[in-house]
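Every read-out reported here was derived from the displayed coordinates using simple, explicitly stated rules and does not represent laboratory data. Small disclaimer: the values here were computed from a predicted structure and weren't measured. Neighbour counts are summed over all protein chains in view; Cβ atoms, including those assigned to glycine, are modelled from backbone coordinates with ideal geometry.
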Amino acid sequence: MKTNPPSPGTTGRTFFVADLHLTDERPVATGRFFRFLQQDVAGADALYILGDLFDAWVGDDHDAQVAHDAARQIKSLVDAGTPVYFMHGNRDFMLAARYAAQSGMTLLADPTRIDLYGTPTLLMHGDTLCTDDTAYQTFRRRVRHPLTLALLRRLPLALRHRLARRARAGSESAKAGKAAEIMDVNADAVAQVLRAQQVSRLIHGHTHRPAQHRHAVDGQNCERWVVPDWYARWGYVACDATGCVLRIEDL
Ligand code: MN
């Protein structure tokens, strides 16, 4: 619920970001994100974070400085009347209710279907669309299983840090041996989800290949927006009643 009256010029827009991979080791991206919240998002209708806000998340007792700072920044945006929604990515899938409460974020399931100014729009992180990467999909099913999650949450913090480091190293070496197409979304998976959810617009991240794509699904024109990562660049997809735009800037 909005507590403040909307200020002219900034309302009527909704922002989408993903793959910021915030970590204490990349303060430039963190600073850029906080300025983005204050200068671009303040006063907007909503901000959706579509996963991988953090480079790693070992639990809501995550002890990185960026976790504390981001909670404060996001909370003040929410308190000023702009709701912030968070969907898990493959890096921060352990983020849970405690941090959501601290930061004022509302957790979303992946996928989530929203009515975006009259256009049914599907939001995803994007990793489940990369169906050609069967090894990753198997790993994802295992690690995201409720029993695995429950077990992981009970492990001591230091051990969770160690497991997260090992998982990241494993993912880096696996990526090095995979063809680029395998790590992109599968066109049939995209068509299938658009059809099943009866939407003509999809917004997702994960692939680090920002773009606007057009797909014809059963004769209907659909659009797929891929939001940028925040490494050498930063940016977002912003939508209003007239449509969406993709903005990419140098970091
Ligand atoms: Mn990802």
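What you get for the chain, charging only the Cβ of Lys and Arg (+1) and of Asp and Glu (-1), is a dipole of about 600 debye around the Cα centre. Residues whose amide H falls under 5 Å from that of Leu202, counting only those 5 or more places apart or on a different chain, are Leu122, Glu223, Arg224, Trp225, with hydrogens built in the peptide plane.
Say we join alpha carbon atoms closer than 10 Å with springs in a Gaussian network model of the chain; which of Arg154, Arg98, Arg168 then has the biggest fluctuation? Taking springs between Cα atoms under 10 Å, the residue moving most is Arg154.
Can you sort Ser103, Ser173 so the residue with the fewest Cβ neighbours within 10 Å comes first? Please list the in-between numbers first.
On the way: Ser103 23, Ser173 9.
Least to most surrounded, the residues fall as Ser173, Ser103.
Using a Gaussian network model of the chain in which every pair of alpha carbons under 10 angstrom is joined by a spring, one finds that among Ala18, Ala44, Ala187 the greatest mean-square fluctuation is at Ala187.
The ratio of the alpha-carbon radius of gyration of the stretch 14-250 to the globular-protein estimate 2.2 N^0.38 Å is 0.98.
Couplings 3J(HN,Hα) of the stretch 66-74, computed from phi: 4, 5, 5, 5, 5, 4, 5, 5, 5 Hz, in residue order, whole Hz [Karplus 6.51 cos²θ - 1.76 cosθ + 1.60, θ = phi - 60°; x for Gly and Pro]. Counting only DSSP H runs of at least 4 residues, each contributing -39500 (n - 2.57), and dividing by the residue count of the chain, the helix-based mean residue ellipticity at 222 nm comes to -10000 deg cm²/dmol. Let me make sure I get this right: for the stretch 77-180, a, b and c are the square roots of the gyration tensor eigenvalues over alpha carbons, sorted descending. Under 1.5 in a/c it's rounded, otherwise prolate if a/b > b/c, else oblate. Which is it? Because a/c hits 1.5 or more and a/b fails to exceed b/c, the stretch 77-180 counts as oblate.
When the chain is treated as a Gaussian network with alpha carbon springs shorter than 10 Å, the biggest mean-square fluctuation among Ile203, Ile114, Ile49 belongs to Ile114. Each residue of the stretch 93-99 was assigned a 3J(HN,Hα) from its phi angle through the Karplus curve 6.51 cos²θ - 1.76 cosθ + 1.60 (θ = phi - 60°); the sequence is 5, 8, 5, 10, 4, 5, 6 Hz, with glycine and proline shown as x.
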